[in-house]
1. Given 37 °C and 0.692 mPa s, compute D for the range B:67-180 with the Stokes-Einstein relation, Rh being the Kirkwood radius over Cα pairs; round to the nearest whole µm²/s.
2. With viscosity set to 1.567 mPa s and temperature to 4 °C, compute the Stokes-Einstein D of the range B:114-211, Rh being the Kirkwood radius across alpha carbon pairs; µm²/s, no decimals.
3. Set Lys and Arg Cβ to +1 and Asp and Glu Cβ to -1, take the dipole of the protein assembly as shown about its Cα centre, and tell me which of B:His450, A:Ala12, A:Thr44 lies farthest positive.
4. Calculate the dipole size of the protein assembly as shown relative to its Cα centre from +1 charges on Lys and Arg beta carbons and -1 charges on Asp and Glu beta carbons; express the result in debye to the nearest 20.
5. What's the local net charge at A:Gly115, with K and R +1, D and E -1, over the other residues with C-beta under 14 Å away?
6. Please report, in whole Å, how far the alpha carbons of the range A:69-145 spread along each principal axis, starting with the longest.
7. With a bin width of 10 angstrom, please list the P(r) values of the range B:1-155 as percents of all Cα-Cα pairs, from the 0 bin to the one holding the largest distance.
8. Within chain A, what's the longest run with no chymotrypsin sites (Phe, Trp or Tyr not before Pro) in a DSSP loop and at most 15 other beta-carbon atoms within 10 Å? Give the range, please.
Amino acid sequence: MLSALLVMAAIAIALGAVLGFAAIKFRVEGNPLVDKIDAILPQTQCGQCGYPGCKPYATAIAAEEADINRCPPGGEEGIQKLADLLGKEFKPFGDDMAAPKAKSVAFIDENTCIGCTLCIQACPVDAIAGAAKQMHTIIASECTGCELCVAPCPVDCISMVVIEEKITTWKWKYPVYALSPVSAS
Amino acid sequence: MRTLHQFHGGVHPPTNKAQSTRTPIAVAPLPSKLVIPFHQHVGNIAKPLVQAGDRVLKGQMIGRPQDGLSSAVHASTSGTVVSIEMDVVAHASGLPDLCAIIVPDGKDEWVPLQGLDYRSASADEVRSALRMAGVVGLGGATFPSDLKLRSGKSKVKTLVLNGAECEPYITCDDMLMRERAAEIIRGAEIMRHVLGAEEVLIGIEDNKPEAIAAMQQAAATSTDHMEVIAVPTLYPGGGAKQLIRVLTGIEVAAGVRSTELGVQCFNVATALSTYRAIQLGEPLLSRIVTVTGNISDAQNFEVLIGTPVNELVALAGVLPDTRHYIMGGPMMGIPLPAATVSVVKATNCIIAASDKLFPPAPPAMPCIRCTRCADVCPAELQPQDLYWFAKAKEFGKAQDYHLFDCIECGACSYVCPSHIPLVQYYRFAKSEIWARENDKKAADIARERHDYRQYRIEREKQEKAEKLAAKEKAALAAKEAQTADGTPAADNAAQQKIQEALALAKQQAAAAKPQNTEQLTPQQQAEIADIEARRARIHEIAQSHVEHPKE
């Protein structure tokens with residue numbers, strides 16, 4: 001009886017030591033869930049969620065401090081993906097959130113730009129080229145359309161231009177059938 | 001006799017080819033204007049080389065290929081470029097693309113042409129010539145041919161020439177083989193030479209006996225090992241993978257290029273264009289187009305690239321009840337957004353569609369899981385599963401079921417008893433997946449740039465703090481030094497520097513000799529002495545004035 005208890009205790013201690021060692025040796029740095037959430041977020045870094053970027057929002061979602069329906073650029077599809085990942089219910093956009101907009105890029109009216117660099121400081125992805133008292137311009141291919149540069153401009157020379165569909169970006173549409181009226185008889 | 005193999009599935013739609021093979025290929029007259037898109041090939045759009053108002057010659061390059069995957073675009077006849085503008089092109093989207101509008105001058109004046117002896121030229125020279133001649137795959141895919149004339153990791157052993165032309169209504173390759181077999185064979189010889197292939201297999205469906213006979217006769221004149229093979233008529237036997245399977249028994253697996261298995265496949269019309277581009281130096285300016293369907297005299301035309309479709313169909317007598325036009329065949333073709341779009345390198349056939357000829361599809365009914373689509377699928381997919389996934393927008397699942405192996409042949413839609421437009425669903429799913437991949441790439445770049453910016457801001461802050469700390473430290477040290485020996489150390493050092501600088505300046509002033517002080521006349525010397533005296537006086541006065549307040 002006693003020997004059985006001792007054997008069981010010895011096994012428990014040995015296994016506990018293995019587990020404890022593994023926990024230290026194979027420790028995961030950071031929260032892997034944050035990266036998974038961050039991968040779903042659209043990386044516009046626009047701050048519409050109330051956090052200073054996509055990563056902070058992802059961190060807040062992972063810590064269950066933020067709702068999953070606070071990212072307008074991600075659209076309803078983004079909410080759906082987050083819901084699937086986190087095992088939560090889909091939640092429509094809150095009333096306080098801006099409606100998702102068509103994808104657009106910022107455009108600087110170069111005739112009006114005074115070269116104040118305020119927009120450069122605001123751009124979260126370094127997509128504006130320019131220097132003090134030099135004309136600024138948007139690097140359209142890098143612009144995420146976050147609109148953060150629009151407000152700081154003292155001469156209101158930045159506008160958002162919706163990206164139009166081109167032949168190279170055109171998508172086949174979901175098949176829909178035209179219904180033809182049938183005479184009621 | 002070669003043993004032929006079989007591919008999975010396939011269908012037998014009514015061929016409807018007889019209408020357009022009654023008369024030989026006619027040369028279409030010069031149209032009133034040419035609308036030449038700069039993007040007629042797979043890859044990057046060609047860069048315009050001409051401006052509105054320029055006069056161009058027939059065969060002059062008007063669009064230069066840009067970066068790796070691209071091809072050149074040429075003026076199909078001589079005339080004046082009236083504008084470079086966005087115009088509706090032959091594309092399913094109906095969206096405009098960049099085009100050159102050329103009004104022909106009727107002279108059809110050529111640029112000087114320079115052929116190339118491919119036997120003495122290097123393979124790279126031949127490929128470059130093809131690229132600059134704008135030669136692309138004329139079977140409909142318009143992939144730049146120069147890029148296909150490369151052996152991959154393994155050497156290409158077999159060159160397959162595709163003359164199967166399996167799609168209903170289309171007869172352009174058939175007529176081309178009947179009438180211009182010799183030129184096709186010469187082109188095949190060039191291709192074989194560049195690839196270093198051992199044999200050339202020419203696959204033609206057995207419903208084209210005249211073409212087979214003509215090609216056999218022409219192939220016999222070649223010194224290369226060429227074989228013209230009649231393959232069974234079965235749609236889509238003209239698909240590259242399917243034809244390779246039938247002729248060689250090689251199954252080209254998903255995600256594998258046929259060149260890796262030692263086989264390359266070209267359309268017969270591409271071979272002819274290759275011959276003209278290399279041997280004669282003629283760029284790709286025209287192609288054979290079948291004009292058929294709701295047409296009184298259906299036939300094939302040799303048409304200049306850029307000819308408006310409405311001018312072309314008028315030549316063949318289009319019937320009044322035509323509803324719209326289809327580019328390509330009834331199985332894989334796309335409805336043209338307008339009759340004013342122009343013939344491009346991909347236009348193998350124009351079908352005038354009427355309600356009688358192509359009645360509108362009956363409404364789609366629910367899938368009854370009969371799996372007839374799976375029976376006919378030449379890519380051995382499960383079309384019914386793909387349909388469910390595409391419909392539910394479960395794109396990841398669709399990819400798991402090899403959506404991208406689908407060649408969009410339409411055999412599944414053809415046999416579907418519920419008339420479900422299956423291919424439309426697959427096209428929708430494919431373009432959604434591509435768009436998502438692009439979005440993902442853009443998001444990854446944005447994340448990287450944002451992270452780097454954060455890091456940079458942090459680094460700058462740190463550097464600033466360090467600099468400030470160093471400055472403060474230096475100030476502190478100076479203060480300590482001052483309290484130690486009673487004199488401000490920093491001031492001492494500064495004073496010393498000033499003294500040094502003054503001494504240096506004096507030295508320099510002494511070393512510098514005033515110019516032009518020798519060989520002066522006595523009169524000039526007297527004048528100088530006078531001025532010096534005045535200067536000394538003024539100096540004295542000034543000195544006394546300055547010192548005055550001190551007293």
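Any read-out appearing in this document is the output of simple, stated calculations on the displayed coordinates, not a laboratory observation. Here the structure is a predicted model, which means the values were calculated and not measured. Please note: Cβ atoms are built from the backbone with ideal geometry, for glycine as well, and neighbour counts cover all protein chains shown.
1. 186 µm²/s
2. Translational diffusion coefficient: 89 µm²/s.
3. It is A:Ala12, whose Cα lies furthest towards the positive end.
4. Dipole magnitude for the protein assembly as shown comes out near 880 debye.
5. Residues close to A:Gly115 contribute a combined charge of -1.
6. Principal-axis extents of the range A:69-145 (Cα, largest first): 51, 22, 18 Å.
7. Taking every Cα pair in the range B:1-155, the percentages come to 9, 27, 31, 22, 9, 1.
8. With chymotrypsin sites (Phe, Trp or Tyr not before Pro) excluded where exposed in loops, chain A gives A:91-169 as its longest stretch.
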